Amino acid sequence: MTERVIALVDAGRHKPLPPVTGPAASPAQDRLGRALRDLRISVTDRCNFRCVYCMPKEVFGKDYPYLAHSELLSFEEITRLAKIFVDQGIEKIRLTGGEPLLRRNIERLIEMLAAISLPNGESVELTLTTNASLLAKKARALKDAGLARVTVSLDALDDPTFMAMNDADFPVAKVLAGIDAADAAGLAPVKINMVVKRGVNEHSILPMARRFKGSGHVLRFIEFMDVGATNGWRMDDVIASREIIRMLSEHMPIEPIDPNYPGEVAERWRYRDGSGEIGVISSVTQAFCRSCTRARISTEGMLYTCLFATAGYDFRDLLRGGKSDAEIRAAIAAVWSVRDDRYSEIRSAETAPQRKIEMSYIGG
Ligand code: SAM
Ligand code: SF4
Ligand code: SF4
């Protein structure tokens, strides 16, 4: 297969900041009345997996032009920006990537972020999403540094299927060891994300549910999404959450439960026999844009207001250009106040091929 290289400039496409008209309004509301509550920070655009739905090998080959270290936000820059976001309403921060545990000294960054307090004096809720390849080794240090919980991605329980999805010959057993280590370290409850792709891992739905039923972990089934522009997404490859729920309920009685908080992305279900809960994330078939309170910072400091954005706002430029915290905070409020994203509500065969930002760069 020929190798297609996406130019870096493509990854960092940006749009001009909207005019800042005064001090930041707090809490900020966007054009659809949504608050700014969650921040996802991508700490690296690199990954040791090549999941077919995220970083397909034929695009992310050995010559792929990843960001240079000097282009990444430093830990000090990330922490400063995170503090300003917290002043502007953020309550939860999730570290992601690429594979966040590949960023050197990530424990140090976690320590710095965990020290941030909300205006009410409580600590910010700090979590991380990982492929778990390094989790068995790092779980204790992550917990000691102040991480609250982890979400682990695992798409199957048998090696041939899992390896066909991660395309890096990575075995299931090591991910399971990472989950156990996270649990033992107190990074619990561990959430487990399974992306379901038709014809690839749908036969793993029931085995995964059985494996984690009663474990205390929360398995979440995620509809295959048209993130980025390289994963060859087609609607036919999506297994709708309602199909998954129907499949599960034929074998294990389940019932829906209320969200933990307004705007929770996963729809929650529990086993009627009391052996735990599962979730479904239906970004494709049941858009949840109306309650979307998430902003994303890319590895080199671009702010994106939607996972499916085609351009972001350059906050690294503000951080490195001598702007004060108050000026940066006002810029965040200005960006949020013009936000009208609702991609999942308007998705179609025509929007899917748009040159959206890659998920490995913007963070999941
Ligand atoms: N590398 C880490 C991991 O895999 O957990 C963190 C980054 S990854 C981009 C974050 C999440 O996005 C993972 O749970 C992954 O399964 C999910 N993801 C990536 N591409 C996806 C797609 N096309 N559709 C649905 N979920 C996707
Ligand atoms: Fe890497 Fe996570 Fe993307 Fe898989 S989903 S390629 S582990 S960033
Ligand atoms: Fe939020 Fe964009 Fe996803 Fe809608 S499509 S839920 S606006 S990230």
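Taking label points 7 Å from Cα along the Cα-to-Cβ direction, R104 and R242 give a separation of 5.1 nm. Placing a label point 7 Å from the Cα of N260 along the Cα-to-Cβ direction, the residues of segment 108-145 whose backbone N falls under 14 Å from that point are 125-129. Note on H251 and A184: the model spin-label points, each 7 Å out from Cα along the C-beta direction, lie 2.9 nm apart.
In this simple spin-label approximation, R320 and R355 carry label points 7 Å from Cα along the Cα→Cβ vector, and these lie 2.2 nm apart.
Of all the C-alpha pairs in segment 11-362, what % are more than 31 Å from each other? Walk me through the numbers before you get to the answer.
Working: 19157 of 61776 pairs.
It works out to 31 percent of all Cα pairs.
Here the dipole of the chain is about 260 debye; that uses its Cα centre as origin and unit charges on the Cβ of Lys and Arg (positive) and Asp and Glu (negative). In terms of Cα atoms, the Rg and Dmax of segment 69-139 work out to 12.6, 36 Å.
GNM remark for the chain: springs join alpha carbons under 10 Å apart, and the peak mean-square fluctuation among L219, L206, L303 falls on L206. Please say if segment 203-280 is rounded, prolate or oblate, where rounded means a/c under 1.5 for a ≥ b ≥ c the square roots of the C-alpha gyration tensor eigenvalues, and otherwise the choice is prolate for a/b larger than b/c and oblate otherwise? Because a/c hits 1.5 or more and a/b exceeds b/c, segment 203-280 counts as prolate.
At a Förster radius of 22 Å, what calculated FRET efficiency corresponds to the Cβ-Cβ distance of S74 and E122, to the nearest 0.05? If you can, show how the numbers build up before the last one.
Values: r = 26 Å, r/R0 = 1.20.
Plugging the Cβ-Cβ distance into 1/(1 + (r/R0)^6) gives 0.25.
Scalar couplings 3J(HN,Hα) for segment 311-319, obtained by applying the Karplus form with A = 6.51, B = -1.76, C = 1.60 to θ = phi - 60°, are 7, x, 10, 7, 8, 4, 4, 5, 4 Hz; x denotes Gly and Pro. FRET efficiency for the L206 to A141 pair, using the beta carbon distance and R₀ = 51 Å, is estimated at 0.90.
Averaging 1/r over every pair of different alpha carbons in segment 13-142 and inverting the result gives a Kirkwood radius of 16.8 Å. If you count Lys pairs in segment 11-362 whose Cα atoms are under 16 Å apart, skipping same-chain pairs closer than 8 places in sequence, the total is 8. Only beta bridges with both residues in the chain are counted; by DSSP, about 35 percent of them are antiparallel. Across segment 304-347 the C-alpha pair distances fall into 10 Å bins from zero in the proportions 25, 46, 22, 7 percent. A convex hull fitted to the Cα coordinates of segment 235-332 yields 151 cubic angstrom per residue. Its DSSP H runs of at least 4 residues, each contributing -39,500 (n - 2.57), put the calculated 222 nm mean residue ellipticity of the chain at -8000 deg cm²/dmol, to the nearest 500.
When only Cα pairs under 8 Å and 6 or more residues apart are kept, what is the percent relative contact order across segment 11-362? The partial results should precede the final answer.
Working: 706 pairs, mean separation 90.7, N = 352.
It rounds to 26 percent for segment 11-362.
Each of S324, G312, F224 was scored by the projection of its Cα onto the charge dipole of the chain, and the greatest displacement toward the positive side belongs to S324; charges sit on the C-beta of Lys, Arg, Asp and Glu.
Read the figures in this text as sums done on the coordinates, not as results from a lab. The structure displayed is predicted, hence computed values, not measured ones. Positions of Cβ are backbone-derived with ideal geometry, glycine not excepted, and every protein chain shown enters the neighbour counts.
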